[in-house]
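Remarks on the structure that follows.
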Amino acid sequence: MKRIIIGSRGSKLALWQSEYLAVELKKLIPELEIEIKIIKTKGDKILDVALSKIGDKGLFTKEIEIQLLAGNIDLAAHSMKDLPSEIEKGLLIGAVLKREDPRDVLISHKNYRFQDLPPGAFIGTSSLRRMAQVKATRPDISIRDIRGNVETRIRKMKEEDLDGIILAYAGVKRLGLEDEISDYLPTDIMMPAVGQGVIAVEAREDDQDVLSLLNRINDSSVQFSTMAERSFLNELQGGCQVPVASVAELQGDRIVLQGLVASLDGTEVFRGNCEGSRDEAEKMGRQLARQLMKKGADRVLSAIVNS
């Protein structure tokens, strides 16, 4: 194998992820020639509509997957949280890379910590997951829909004089913007999105040369943790249009999985957790999803989807 083409979105963060993947591949084959091909996705083109109103299946991945299936690229580097719960037929996740801290953070140009936000504070986010959890903890806070890449959202926060915005720590760190962080949000206040902090590498399922290479950079502990999270999401048939969160941690050979489903206004929040062996990762995700649905999450999800 002499040359590989990686498909990527054009944002600074997406390019960082693709370049990080390229470095990992070159560690294995120093002479490997790597090209990064920028592909615009639907989510990149429509910036004036809330994510939840666009339709989230493959919002940031579909166009890249089309190029991958056509053989125009060999690999695709994604933020795992952008991947639909079911992968396109003919493709698979060939590797997951070392996970960054999955937590969310508050960025406030007024230097507020979350607990110190004033009554009626204005927080920017386009995520229903974040919105619901903010409302569950602080129903007085007003949410402003704000989209764009990390730098754009920070700029909009300042221009609109919002009290803060909530972003994934992983993206903020990877762009070298940690000095902007005013607070790190614990998972009991803000449970992360499924796969948050993970770079997933998508490939064709019949490309054995590429899959063999990816197997050598795959982080098995992250693989099992995210397998549990994605199984939870898949069982709930969740995505950007519903407030679903999950995070798993591998402790030795055991996985501790947390999951959450909330109503849009945060008045109903269903949380649960379970523990099992790494070999039970997918089973655990399904079981936890069913556990929350029995508690009433199914009713909440159905109301959101049908609204």
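Since every read-out is calculated from the coordinates, none of them should be taken as a lab result. For clarity, every value in this text was computed on a predicted model and none was experimentally measured. Cβ sites come from the backbone with ideal geometry, for glycine too, and all protein chains shown count toward neighbours.
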Relative to the first principal axis of the alpha-carbon coordinates of the chain, what is the inclination of helix 128-137, with its axis defined by its Cα atoms, in degrees from 0 to 90 and to the nearest 10? 30
Run the numbers on region 105-171 and let me know its relative contact order in percent, using alpha-carbon pairs under 8 Å that are six or more apart. 49
Return the Rg/Rh value of the chain, two decimal places, where both radii are evaluated on C-alpha atoms and Rh is the Kirkwood radius. 0.96
Is the C-alpha gyration tensor of region 104-185 telling us rounded, prolate or oblate? Criteria: a/c under 1.5 is rounded; beyond that, a/b larger than b/c is prolate, otherwise oblate. rounded
Would you calculate a helix-derived [θ] at 222 nm for the chain, using -39,500 (n - 2.57) for each DSSP H run of n ≥ 4 and dividing by the full residue count, to the nearest 500? -9500 deg cm²/dmol
Quick one, can you get me the convex hull of the C-alpha atoms of region 219-307 expressed as volume per residue in Å³? 77
Net +/- balance of residues flanking R271 in space, Cβ distance below 12 Å, scoring K and R +1, D and E -1: -1
